[in-house]
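Below you'll find the structure, written out as structure tokens, and then a few comments.
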Amino acid sequence: MMFGVDPETGTYSSWWPMPFGKTMTISLVNNSQYTLNNGTCDVTFNADASVAERLSGPVPSLGYFYATHHAGPTEDERDWVFLSTEGQGRFMGVSHTMSSSQGDGNVRGYLEGDERIYVDGLRTPQWHGTGSEDFYEGGWYFDYGPFSAFTNGAPLEKIAGTYGCDYQCDSAYRLLIGDAIDFQSSISAGLEHGPDNRHPAEYSSTAFWYGHAAAPVLTLTDSLNIADVDSEAAHAYSGGGEPRSLTSTFEGNDDTVSVTDSLRDSTDPITFTAAVKKSNQGVRLHRMSDQSSGYQSVDVAVNGTHVGTWLQPLANQTHQWLEDTFEIPRAITENVDSITVELTPRDGSAPWSAARYEVYTIGGEEAATPVEPPAPAEPSVPPTSPTAGERPQADKPPRLSATGSSAPILALTALGALGAGACALSVRRRH
């Protein structure tokens with residue numbers, strides 16, 4: 001498991017790998033009203049010189065570990081956001097507590113809210129679920145009671161008057177180990193509170209993710225506005241049906257905001273050119289389209305080479321606008337500064353709809369250079385730590401201890417681990 005609690009020994013463990021390029025600092029701070037008299041912290045790490053290189057470069061293969069916390073009351077008509085950040089990374093899961101502020105009717109109505117995840121500036125959610133308890137893989141309001149599995153669970157359920165719970169409280173978690181969400185420039189991951197985002201509640205969540213904040217790897221290099229005469233001429237655009245106008249909405253958090261644009265629907269091949277950066281490590285196409293007809297599908301050729309099939313099975317005649325993507329491999333786009341894209345609708349598919357294409361370069365010289373996260377603030381209590389410059393041995397992880405006093409804060413800090421590698425930790429409180 002990536003984290004856990006042993007109630008018999010009072011041990012809290014976190015086995016999230018935490019890569020570091022030079023040094024690591026781990027601080028545990030007790031901000032509660034209760035004094036922690038004493039405890040121990042075990043830190044295990046493995047030195048690996050390759051980690052520093054894999055954490056750097058225009059498209060890093062490793063990311064720093066983050067745990068992003070958010071707590072407070074829900075807001076009407078807005079999703080509760082687990083994680084909202086710019087940069088690149090991988091969303092790995094969330095731990096979440098829910099406390100209803102509604103004392104009548106369905107006090108557990110917050111569970112009717114769907115999870116919705118947006119990536120890389122797309123206005124269409126790339127993950128749209130069917131309910132909060134479904135996201136945590138419990139179903140039917142966790143009707144079989146509390147449970148805890150390796151990657152998901154709802155281990156705590158409290159009713160009114162117990163443990164400070166006013167009406168109804170639930171605690172749940174979901175780890176996206178096999179279905180993590182990648183993002184290259186931004187992510188907004190959250191869920192509704194109730195079917196129409198109006199169930200009042202107090203939420204607290206911690207999102208787990210790897211990445212490089214404020215270091216996106218996507219660069220917009222060109223855009224084509226369909227049915228715009230100048231834009232089509234500048235991109236040697238051909239194909240498509242007669243222009244038409246559409247006023248509709250996107251699915252998701254802003255499904256009441258109308259958008260008007262012009263578009264074409266085509267059953268004939270479509271061709272256009274676009275600028276890219278020669279130093280790219282691949283190219284991504286973004287399309288804005290009308291999804292009122294589902295299963296739109298085209299064969300995609302770039303510079304005369306077939307690179308795959310772009311299929312969009314979704315259909316929605318209420319919220320008709322949709323944005324989706326297609327990845328063009330680096331082998332086709334590297335060392336060129338322009339591409340010619342040909343989209344050929346497949347036999348039997350719905351007409352291919354488009355109002356706009358945006359072209360993004362992946363990586364390259366323009367990508368922001370990842371940097372190490374800022375060092376945490378110094379703890380309030382002097383820590384016990386290894387001698388400066390001392391490298392603890394992998395088979396003998398450092399064991400650190402400290403004793404609390406009347407002060408409400410106890411800090412245990414591990415310093416050192418000069419070089420590169422990854423670490424994990426466990427904490428035990430003594431009764």
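Quick rundown of the values:
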{"item": "Separation of alpha-carbon centers, the stretch 262-324 and the stretch 23-75, rounded to whole Å", "result": "40 Å"}
{"item": "Computed lengthening from residue 34 to residue 337, 0.36 nm per intervening residue step minus Cα-Cα distance", "result": "102.9 nm"}
{"item": "Added length on full extension, which subtracts the Cα-Cα distance from 0.36 nm per residue, residue 15 to residue 84", "result": "22.5 nm"}
{"item": "Residue 246-residue 25 pseudo-label distance in nm [points 7 Å out on the Cα-to-Cβ vector]", "result": "5.2 nm"}
{"item": "Accessible area in square angstrom per residue, the stretch 227-334, 1.4 angstrom probe", "result": "45 Å²"}
{"item": "Estimated inter-spin distance, residue 204 and residue 254, nm [label 7 Å along Cα→Cβ]", "result": "3.3 nm"}
{"item": "Carbon and sulfur %, accessible surface of the stretch 1-147 computed with the full protein complex present, 1.4 Å", "result": "51 percent"}
{"item": "Length added when fully stretched, residue 53-residue 179, from 0.36 nm per residue minus Cα-Cα", "result": "42.8 nm"}
{"item": "Efficiency of FRET between residue 5 and residue 314 - r from beta-carbon atoms, R0 51 angstrom, step 0.05", "result": "0.80"}
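The values are calculated or read from the model by the stated rules, or taken from the named source; none is laboratory data. Treat the numbers as computed from the prediction; the structure is a model and nothing was measured. Cβ coordinates were reconstructed from backbone atoms using ideal geometry, including for glycine residues, and neighbour counts include every protein chain displayed. Note: accessible area is taken over every heavy atom of the protein model, side chains too, but ligands, DNA and RNA are not part of it. Shrake-Rupley method; radii C 1.70, N 1.55, O 1.52, S 1.80 Å.
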